[in-house]
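Have a look at the structure below before the remarks.
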Amino acid sequence: MKIELQPSRHKRHESVIQRDRERGLFSMPLKSSLPFFRCNQGILIHRIRAGRVHYMNFKPSHTSIEFWCGNSGFMGKGVMMESAPDRAVFCATCEGRAVGAGLCGNREINGRKVLYRPKL
Ligand SMILES: [Zn+2]
């Protein structure tokens, strides 16, 4: 099941965006994706928060993925997953922020109420 993604945390100055756009360098946000991502070189399963398709010379170049923990990855350097294997190890920061933001139902960890408000 795909999830609706959040806006990217990374903002660029409008003058840089305009200069790059004239060169055919721009990116478009992903609207939805599978919820989890595992980097090929990593051991943790991260939760996907945002993603962008990047263009060079007006052609798709690569897709970047932002995680709830603040780290990022690239398609081709990892894999999106609908669910994780039974023995998978999840990124604690991603899981805590996702629970605190209300993505997983109750905002509780270890029986305590938690709240996470993502910066936009
Ligand atoms: Zn993470």
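The values are calculated or read from the model by the stated rules, or taken from the named source; none is laboratory data. Worth saying up front: this structure is predicted, and the values here are computed from it rather than measured. All Cβ positions, glycine included, derive from the backbone under ideal geometry; neighbour counts span all protein chains shown.
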Original post:
Since Pro60 meets every condition but one in (1) out of contact with any Cys (no Cβ under 6 Å at 6 or more places or on another chain); (2) under 15 Å from Ser8 (Cβ atoms), which condition does it not meet?
Top reply: (2)
**OP:** Could you name every one of the strands (runs of 3 or more DSSP E) located completely within segment 13-106 that has at least 3 residues being more than 16 Å from the ligand (Cβ to nearest atom) and at pLDDT below 95?
**Re:** 26-29, 44-56, 59-67
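Each row is one residue, and each column tells you yes or no for (1) touching a residue at least 24 places away in the same chain (Cβ under 8 Å); (2) crowded, with 17+ Cβ neighbours inside 10 Å; (3) under 25 Å from Cys104 (Cα atoms).
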site: Pro35; (1), (2), (3): yes, yes, yes
site: Val53; (1), (2), (3): yes, no, no
site: Met81; (1), (2), (3): yes, no, yes
site: Ala88; (1), (2), (3): yes, no, yes
Original post:
Only one residue in Glu66, Glu108, Glu95 is surrounded by 11 or more Cβ atoms within 10 Å (Cβ to Cβ), within 26 Å of Arg21 (Cα to Cα) and of a type in the set (D, E, K, R). Which one?
Top reply: Glu66
